[in-house]
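Read the structure below first, then the notes.
The values are calculated or read from the model by the stated rules, or taken from the named source; none is laboratory data. Note that the structure is a prediction, hence the values are computed from the model and not measured. Cβ: placed from backbone, ideal geometry, glycine included. Neighbour counts: every protein chain shown.
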Amino acid sequence: MAFWKPGAQRPASVLDRGEDGALDATALVGSGVERTRLPVHRYRQALLALVERHPVVVVVGHTGCGKTTQIPQYLLEAGWAAEQRQIVCTQPRRVAASSVAARVADETHTCLGDVIGYAVRFEDCTHPTRTRVRYTTPGLLFRECLSDPLLSRYSVILVDEAHERGAYTDLLMALLQKIRRKRPDLRIILASATIDAEAFARYFDPAYGTPEAIATILSIEGRTYPVDIAYTHAPVRDYVAAAVDAVWALHLSEPSGDMLVFLTGRDDIDAALQALADRQAEAPQGGLRLHLLPLYASLTLDEQRAALAPAPRGTRKVVLATNVAETSVTIEGVRIVVDAGLVKVRMLDPTTGLDTLATRPTSRAAAFQRAGRAGRTAPGKCVRLYPASALTHMAASDTPELVRCDLAMYLLQLKALGIDNLARFEFVPPAPPATHMARGLTFLASMQALDEYGRLLPLGEQLAEAPLEPMMARAVLWAAQRGCAEELVTIAAMLSVASPFLHSDHRTTAADPRAEIARRKFIAEEGDALTLLNVYEAFIDPHQGRSSAGWAAKHYLNYAALKRAQAIRAQLAQYVTLHWHLPLRAAHDATQLQYCLAAGFFQQAAQWMPDGTFRTLHGTTLHAHPSSVYFTRAPPSPWVVYTELVHTRQPMIRDVTVVDEAWLVTLAYAPLL
């Protein structure tokens, strides 16, 4: 392979299980360290003994040691879910929560959704009385605190992959620290492969290391296999093209083994999928065919699960994924990893005050995790699309999300929990910057969620409890009051799933003009949101007998995404009518819908310029995303709002809708804090 060279480095191996089924475990209790070689049943006993004696246990376990699947089973067997109590385990991503729950249900010989279940956003696969072990996301468990501040139905809360430091993971840990003081019976377990165990133990227990400590650490070393790592000679200019070249060269040279490719987002994955599909024609006769699958957060759960299923006979599975595949999720059969060394993260843009999805190098901890995916069940290989010297410039670990992102939504939810003095709230260190907090509070005041003294207003309480981000929740609330919620709920659901257009990127429509012709039938001159509304209404039109996979395929639409949007829409409609007690009506008036979107997203406004770009009020130049209606045409009036800002080679806006300048002036009411 011409553009990379094999390297001698490989991830540090951990100790394997012995022939007697033993594994090494290190238990750090208080300030002492005890190291013993424990058989598996003794490890189980040691863990349960620590949980019995210590309210907080930090478990450090390498990939494959059973943190996620075995610990909840041990706790279940030991009676921690008796008397209608539950054990809950949080996973940072939806696909991990559902796939791990399915695996544990299989191991316990129960039906998924009965004793073992999962709950993720817009999908609840649990039984109201029989479920004893519940897998969920940190955000969903955090939201439960709004209705049950002490999380009283849980006896043990296991926060898995705590090292990722997602916003809701950090907020949940901060709340658990407060809940533990009110509930001394609650047991908290933090689990991770790369966590700074002592720092977390001291956060929950300042007395850690003394005889009075209530927190302890258990370190478990499970089995991984050696992974050979290769690097490029020099930085690559086009990492998508380099990833495609690497996959194809490895496919031709490696006789067996599925592949996992780490890219940054949906656009890169779609481009790589198309390029690899085009190369299939070059495959030698009689060789393995590539079975290409995407894996990213906005896919439906069924589409995500497809990436975890075994490859069909006579094929090599190639999964092109974002960082959702870094941890928790096990993709059986993967022996080869191709790592672009990049990740797309949410970051607060200081010039605009808005969140942007920016592409950044991964951390060394993430690079280790990615390479480890190739060594889960057998020796493997990892190709890193960057020089070995780049490792020295990477951060040791990921920056906590609360430190780098817009805080408005999280501050609003903390206010709704009754935490008024945010300056004294005990965030997991490092705490968010004061400037970010001030910016978030100012925005909430402009949304009329807080008053001039920072106190929660009735509108703020409604926005905090809604199953949508505050800006979209405000748009839907405005729509319910103006008689067009039927349509805006549809728009909110469509924006919650992957693009319904199978070829929504100009790079692929050029190869298949029929897809672009089909797409043009749905385009609304008012913008992307109303275009999505047209797609959905055509999909469910009862007079045409549609809502079928065949109809979707004929119009180059993603049937799974449309069905997912249909399920989400039903839940949102129920929320509006049952929780907000507001009617669902259709106005059939595009102007009303545009006004309501402006009411929610007025802070994300921009003006179209003659050169085809958009300009924010702060003077930042933005470009329409290739999937937008306005990528190749000018909007009918100069002012627009958008729902997402993506920054790759240039800042691009998604889901753009035309609005009236006068609306923005009226809606952007911003009292001073």
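Annotations
- Looking only at the range 287-332, residues that are in contact (Cβ under 8 Å) with a residue 24 or more places away in the chain, surrounded by 15 or more Cβ atoms within 10 Å (Cβ to Cβ) and touching a strand residue (DSSP E or B) at 6+ places or on another chain (Cβ under 9 Å) come to 29 in all.
- Only a single criterion out of (1) within 23 Å of the chain's Cα centre (by Cα); (2) free of Cβ contacts under 8 Å to residues at least 60 places away in the same chain is not satisfied by ARG370, namely (2).
- The range 395-428, residues that are in a loop (DSSP other than H, G, I, E, B) and either within 22 Å of the chain's Cα centre (by Cα) or at positive phi (or both): ALA395, ALA396, SER397, ASP398, THR399, PRO400, CYS405, ASP406, LEU407, GLY418, PHE427, VAL428
- Restricting the range 194-208 to residues that are among the small types (Gly, Ala, Ser) and touching a residue at least 24 places away in the same chain (Cβ under 8 Å) leaves a set whose member that is surrounded by the fewest Cβ atoms within 10 Å (Cβ to Cβ) is ALA199.
- Positions within the range 624-644 being under 30 Å from the mean Cα position of the chain (by Cα) and under 19 Å from ALA599 (Cβ atoms), in sequence order: VAL640, VAL641, TYR642, THR643, GLU644
Every residue, every condition in (1) surrounded by 17 or more Cβ atoms within 10 Å (Cβ to Cβ); (2) over 21 Å from PHE501 (Cα atoms), yes or no:
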{"site": "TRP551", "(1), (2)": "yes, no"}
{"site": "TYR556", "(1), (2)": "yes, no"}
{"site": "THR591", "(1), (2)": "no, yes"}
{"site": "ALA599", "(1), (2)": "yes, yes"}
{"site": "PHE614", "(1), (2)": "yes, yes"}
{"site": "HIS623", "(1), (2)": "yes, no"}
{"site": "SER628", "(1), (2)": "yes, no"}
{"site": "HIS647", "(1), (2)": "no, yes"}
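Results for (1) at pLDDT below 90; (2) in contact with a Phe, Trp or Tyr (Cβ under 8 Å, 6 or more places away or on another chain); (3) buried (at least 21 other Cβ atoms within 10 Å of the Cβ), shown as yes or no for each residue.
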position	(1), (2), (3)
ALA215	no, yes, yes
LEU218	yes, no, yes
GLY222	yes, no, no
VAL227	no, no, yes
PRO235	no, yes, no
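- Residues being at pLDDT 70 or above and either on the phi > 0 side of the Ramachandran plot or not in a loop (DSSP other than H, G, I, E, B) (or both) - total across the range 28-76: 26
- Residue in the range 84-98 that is part of a loop (DSSP other than H, G, I, E, B) and either over 30 Å from LYS415 (Cα atoms) or of a type in the set (A, V, I, L, M) (or both) present: yes
- Residue count, the range 263-307 (criterion: in a loop (DSSP other than H, G, I, E, B) and among the small types (Gly, Ala, Ser)): 6
- Every residue from the range 432-457 that is surrounded by 12 or more Cβ atoms within 10 Å (Cβ to Cβ) and either hydroxyl-bearing (Ser, Thr, Tyr) or without any contact (Cβ under 8 Å) to a residue 24 or more places away in the chain (or both): THR442, SER446, LEU457
- Of all residues making up the range 125-138, the number that are under 17 Å from the mean Cα position of the chain (by Cα) and in a strand (DSSP E or B): 2
- Residue match in the range 220-241 (condition: at positive phi and not charged (D, E, K, R)): no
- Against the test of being within 27 Å of ARG44 (Cβ to Cβ) and β-branched (Val, Ile, Thr), the options ILE188, ILE269, ILE229 yield a single qualifying residue, ILE188.
- Selection count where residues are within 21 Å of LEU250 (Cα to Cα) and of a type outside the set (D, E, K, R), scope the range 370-403: 14
- Residue match in the range 529-538 (condition: in a loop (DSSP other than H, G, I, E, B) and either hydrophobic (A, V, I, L, M, F, W, C) or more than 23 Å from GLU469 (Cα to Cα) (or both)): no
- Residue in the range 662-670 that is crowded, with 21+ Cβ neighbours inside 10 Å, in contact with a Phe, Trp or Tyr (Cβ under 6 Å, 6 or more places away or on another chain) and modelled with pLDDT of 90 or more present: no
- Checking the range 209-223 against the condition returns a match, with at least one residue being in a loop (DSSP other than H, G, I, E, B), within 21 Å of VAL334 (Cβ to Cβ) and touching a residue at least 40 places away in the same chain (Cβ under 8 Å).
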